[in-house]
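S.K.: Just dropping this structure here.
Derivation of every value follows stated rules applied to the coordinates shown; laboratory data play no part. Worth saying up front: this structure is predicted, and the values here are computed from it rather than measured. Backbone-built Cβ (ideal geometry, glycine too); neighbour counts: all protein chains shown.
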Amino acid sequence: FPDGEGGVGFRDGQAQAGSNYKEYVGACLLESMEPGVSYRLDFFVGFRDNVPGSKSFNIALFASTNCANLPFGGNNFQIGCPLNDVGYIQLGETFVSGSNEWVNVVFEFTASQAYEVIVLGPSCNTNPNYYLDPYFYVDRLTLAKSADFQIPFESITGSICDNDLVLQVPADASNTYQWYQDGIAMIGQNNPFLQLTSIDNTEGVYAVMITTPEGCYISENYNLLIPPYYESTSASICENDYIMIGTDTLSTSGFHEIWLEAEDGCDSVLQITLEVLENTYASIQDTFCLGDDYSFHDIFTYEAGTFETTLVNANGCDSLITLHLTGVGTGLGMELPETQFIDLGQSITLEPLFYDPVFTQFLWTNSTGSVLSESPVVSLIQPANSEWLFLNVSNNAECNQLDSVEVKVIPDYSVYIPNVFSPDGNGIHDEFTCFITGAVAEISVFSVYDRWGNLVFQDNNISNPLNYKGWTGNVEGEQAIQGVYVYMIRIKFLNGVEKVFAGDVTLLR
């Protein structure tokens, strides 16, 4: 349909045979397709306006290797699509929809055989709206090798704004030409050139179909846009910034009008309302503890002084900050002694080796968080196990520091038990007892037996072991006879360890 004066209509159901009644456009090609070569079928589908059932469908492309297979169906209205006859295959299928418009559709495929026939129309599936007599159109069908599409223009001269824009393709008397705008054939435009002027509806996509003795070809597209004569907009910038439009520099608030020239030579006026947003300024006072590090945004320092930095305010502009930083203290800090060692049963008092006079608050804690002291000094009374102590010092404001020290408790399970005593009342070795250190928490059992294994003395759960006197040498109120006795003493230490001491002792009179 090279002159744009015609189109082909077809049905996708109903009419004479219900859902199977389908109509197609078919042609025997001027020459067979070459196997292994890529081809393109470019065409437009037309849709009517406000026609129920005729706004969408699936369109398919079929092919055959024998022109004798065209037409297909043998006047059998029930045959449906070409695949229901012999000698056809389907090359492609796609869904397309529209309303009162032409829609461009493209099938790209590689020929696997030397096809001589193509058929275009509804897919083999039943159209769900078949009972509404769906009806569609096709126009500007072009089948060619993919490489033959997008032929470049020979020249593009002039300007649409000067009404002398000319699109030109190579001229050949043996060829025919048909120009298209937005896929619609332009009636009467059958020359190898097209002149465009700045009239209504000139904007669009232009191309020409060239029909040669060898076949049909499509030129490249030319997208014509006429710039608006006036365009209004608004913008905002920050203080001390500017925007460039063409050769104009804008940096002040207000209304600006700028004349521009588009690529195709048309004049355009840009009207812009510009707002200049002010930067903000702030001064901050802050203090920190000398000897510590201080950070704010991109400021990192160990010293007092005045610093400047830039943030972003709510308008997205600069917020210039001046920081006045004051140091507190002398920078001396605080330090605890190294690890402290004590024997089990001993007590210890700790205090810092030195601390800055700025520190007025002290908090000693252990590893469980229990508070031990709120003064510079802390005392541990006979700790049973090793533990870490922590001292946090502060001035209730900017300065605070934390240090720690480990107190290691060395277990000492030594007990002295004499092997002779003489309960004669002279005040020397009158009792049999054990001599212990502060590491002992309790004497659980203190028992003495005679040589025949009879229990002659026993005490239990002695909770004040350092002052324990022991056995006075009496049995049931009578003096025990001189001789050798056996003892068994069970001792529990502060750290929970229990030990049993056994041996013999001689009683002398």
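S.K.: Let's see if you can work this out: charge +1 on each Lys and Arg Cβ, -1 on each Asp and Glu Cβ, no other charges. What is the dipole magnitude of the chain about its Cα centre, in debye to the nearest 20?
M.R.: Computed charge dipole of the chain: roughly 2640 debye.
S.K.: Another question about this same structure. Treat the count of other C-beta atoms within 10 Å as a stand-in for reagent exposure and order E387, E442 from fewest to most.
M.R.: E387, E442
S.K.: Right, here's the next one. What residues have an amide H closer than 5 Å to that of D412, excluding those fewer than 5 places away on the same chain, when H is modeled at 1.01 Å from N in the peptide plane?
M.R.: L344
S.K.: Same structure, new question: Around V117, with a cut-off of 13 angstrom between Cβ atoms, what is the net charge of the other residues, counting Lys and Arg +1 and Asp and Glu -1?
M.R.: -3
S.K.: In addition: What are the ³J(HN,Hα) couplings of the range 114-128, residue after residue, when phi is run through the Karplus curve with 6.51, -1.76, 1.60 and θ = phi - 60°? Round to Hz, x for glycine and proline.
M.R.: Running phi through 6.51 cos²θ - 1.76 cosθ + 1.60 with θ = phi - 60° gives 7, 5, 10, 10, 10, 9, 10, x, x, 6, 6, 5, 6, 6, x Hz.
S.K.: Also: Peptides 79-91, 336-348: what's the order by average Cβ count within 10 Å, highest mean first?
M.R.: Order by mean packing, descending: 79-91, 336-348.
S.K.: As a footprinting exposure proxy, order D298, D164 by other Cβ within 10 Å, with the fewest listed first.
M.R.: Lowest count first: D298, D164.
S.K.: Where Lys and Arg each count +1 and Asp and Glu each count -1, what net charge lies around Y302 among other residues with Cβ under 11 Å from its Cβ?
M.R.: Cβ neighbours under 11 Å give a net charge of -3.
S.K.: Looking at the range 217-326, which GluC sites (Glu not before Pro) are in a loop (DSSP not H, G, I, E or B) and have at most 16 other Cβ atoms within 10 Å?
M.R.: E220, E239, E263, E278, E303
S.K.: Which of the peptides 454-464, 35-45 is most tightly packed, and how do the rest follow, judged by the mean count of other Cβ atoms within 10 Å per residue?
M.R.: 35-45, 454-464
S.K.: Using each residue's phi in the range 409-415, evaluate 6.51 cos²θ - 1.76 cosθ + 1.60 at θ = phi - 60° and report the 3J(HN,Hα) Karplus result to the nearest Hz, with x for Gly and Pro.
M.R.: With coefficients 6.51, -1.76 and 1.60, one gets 9, 8, x, 9, 9, 6, 9 Hz.
S.K.: Given the range 155-224, what whole percent of its Cα pairs are spread farther than 20 Å?
M.R.: In whole percent, the long-distance tail amounts to 24.
S.K.: OK, next. Output wanted: per-residue J couplings in Hz (rounded whole) for the range 77-94, from phi through Karplus 6.51 cos²θ - 1.76 cosθ + 1.60, θ = phi - 60°, x for Gly and Pro.
M.R.: 5, 8, 5, x, 8, x, 5, 7, 10, 8, x, 10, 10, 9, 9, x, 8, 8
S.K.: So if I take the centroid of the Cα atoms in the range 305-353 and the same for the range 409-433, what is the distance between those two points in Å?
M.R.: 57
S.K.: Rounded to the nearest 20 Debye, what is the dipole magnitude of the range 145-224 about its Cα centre when Lys and Arg each give +1 and Asp and Glu each give -1 at the C-beta?
M.R.: Charge dipole, the range 145-224, about its Cα centre: 180 debye, nearest 20.
S.K.: Under a Cβ-Cβ cut-off of 14 Å, what is the net charge of the residues other than F432 that fall near it, where Lys and Arg count +1 and Asp and Glu count -1?
M.R.: Summing Lys/Arg as +1 and Asp/Glu as -1 gives -4.
S.K.: Would you please give the residues with an amide H less than 5 Å from that of E101, counting only those at least 5 places away or on a separate chain, with H modeled from the backbone geometry?
M.R.: F47
S.K.: Let me ask another. Output the relative contact order of the chain, whole-number percent, from Cα pairs under 8 angstrom with separation of 6+ residues.
M.R.: For the chain, the relative contact order is 9 percent.
S.K.: Restricting to the range 280-328, what percent of DSSP beta bridges are antiparallel, rounded to 5?
M.R.: 50
S.K.: Taking the number of other C-beta atoms within 10 Å as the exposure measure, put C399, C28, C124 in order starting with the fewest.
M.R.: C28, C124, C399
S.K.: Sequence neighbours fewer than 8 away in the same chain don't count; with that in mind, list the lysines whose C-alpha is under 24 Å from K55.
M.R.: Straight-line reach from K55, under 24 Å: K22.
S.K.: Taking the alpha-carbon set of the chain, what are its Rg and Dmax in Å?
M.R.: In order Rg, Dmax, the Cα atoms of the chain give 53.9, 155 Å.
S.K.: In terms of modelled amide H atoms, which long-range or inter-chain residues lie less than 5 Å from the amide H of S253?
M.R.: Distant-sequence amide H within range of S253: V276.
S.K.: Above 19 Å lies some portion of the pair distances; for the range 294-380, what is it as a whole percent of all C-alpha pairs?
M.R.: The calculated P(r) of the range 294-380 puts 62 percent of pairs beyond 19 Å.
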